[in-house]
1. Return the total of residues in segment 179-233 being in a loop (DSSP other than H, G, I, E, B) and more than 19 Å from residue 256 (Cα to Cα).
2. Looking at (1) in contact with a strand residue (DSSP E or B) (Cβ under 7 Å, 6 or more places away or on another chain); (2) over 25 Å from residue 161 (Cβ atoms), which is the one condition that is false for residue 86?
3. State whether the residues of segment 131-141 include one that is loosely packed, with under 13 Cβ neighbours inside 10 Å, outside the structural domain of residue 180 (by TED's automatic domain parsing) and either over 30 Å from residue 189 (Cβ atoms) or in contact (Cβ under 8 Å) with a residue 24 or more places away in the chain (or both).
4. Could you tell me whether any residue of segment 67-82 is modelled with pLDDT under 90, under 13 Å from the mean Cα position of the chain (by Cα), outside the structural domain of residue 175 (by TED's automatic domain parsing) and closer than 17 Å to residue 192 by Cα?
5. Taking residue 194 as the residue in question, decide whether it is within 19 Å of residue 150 (Cα to Cα) and touching a strand residue (DSSP E or B) at 6+ places or on another chain (Cβ under 6 Å).
6. Is it the case, given these coordinates, that residue 109 is in contact with a strand residue (DSSP E or B) (Cβ under 8 Å, 6 or more places away or on another chain), over 19 Å from residue 71 (Cα atoms) and assigned by TED's automatic domain parsing to the domain that holds residue 70?
7. Look at residue 73 and say whether it is farther than 18 Å from residue 130 by Cα and touching a residue at least 12 places away in the same chain (Cβ under 8 Å).
8. What about residue 170, is it outside the structural domain of residue 48 (by TED's automatic domain parsing), farther than 30 Å from residue 132 by Cβ and assigned to a strand (DSSP E or B)?
């Protein structure tokens, strides 16, 4: 009986220690999962989403990242879309409620969650922190279905949120979030250029239309209250040079109805 009691005495702490270790591991797993889920999602620069139309056109954030996509599995790459719509992917880790982006072997950039928004901390004293709001699930799904970025859906919503007429015509014109257009001339698809990623126009945002016969037409676009104006473009550069345009005559004045 003494032997049995002695064995029980020695085994009891071992069982307790095992339970403690298991509990710690489970707690650690829960912590990591919670942290990963807090960061997971698509985040859009608040400066952009709050003020998409500037000076009658559309511009992305200056010297920064416009959109960040963080997967549920933090071991997967994080995608960054910069102000020039160039994408890049980086590996990341989470430590003490901080997301650490490994830009290269020596440089990192940190991010935290504050008041429900993601704060991308500055790389050094030359920069400032940037705030990002999380895109809702329906917006992310629309982007995934259209095979575009959430950023692109937000840009298209500047047109798709309304139905238009042109001048005295009663014909309804409708733009979709995935880049289709109906009721305007023989145009079938559209693409709003941001920061000169397609056509570059002097002091103006460009919009490219694809027609039903697959030809292409670049126009200038201006956003006003309840009105969207589309202008012809005048080429300023020579053949062989990167095209640069200026605003020409007004072609279409679309009134929101």
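The values are calculated or read from the model by the stated rules, or taken from the named source; none is laboratory data. Note that this is a predicted model, so its numbers are computed, not measured. For neighbour counting, all protein chains shown are included, and Cβ atoms are generated from backbone atoms with ideal geometry for every residue, glycine included.
1. Narrowing segment 179-233 to residues in a loop (DSSP other than H, G, I, E, B): 179, 183-186, 194-199, 202-203, 212-215, 225-226.
Going one step further and asking which of them are more than 19 Å from residue 256 (Cα to Cα), we end up with 186, 194-199, 202-203, 212-215.
Count: 13.
2. (1)
3. No, that holds for no residue.
4. There is at least one residue in segment 67-82 that is modelled with pLDDT under 90, under 13 Å from the mean Cα position of the chain (by Cα), outside the structural domain of residue 175 (by TED's automatic domain parsing) and closer than 17 Å to residue 192 by Cα.
5. Working: within 19 Å of residue 150 (Cα to Cα): yes; touching a strand residue (DSSP E or B) at 6+ places or on another chain (Cβ under 6 Å): yes.
It is true that residue 194 is within 19 Å of residue 150 (Cα to Cα) and touching a strand residue (DSSP E or B) at 6+ places or on another chain (Cβ under 6 Å).
6. On the way: in contact with a strand residue (DSSP E or B) (Cβ under 8 Å, 6 or more places away or on another chain): yes; over 19 Å from residue 71 (Cα atoms): no; assigned by TED's automatic domain parsing to the domain that holds residue 70: yes.
When the stated conditions are applied, residue 109 does not pass them.
7. Yes; evaluated as a whole, the condition is true for this residue.
8. no
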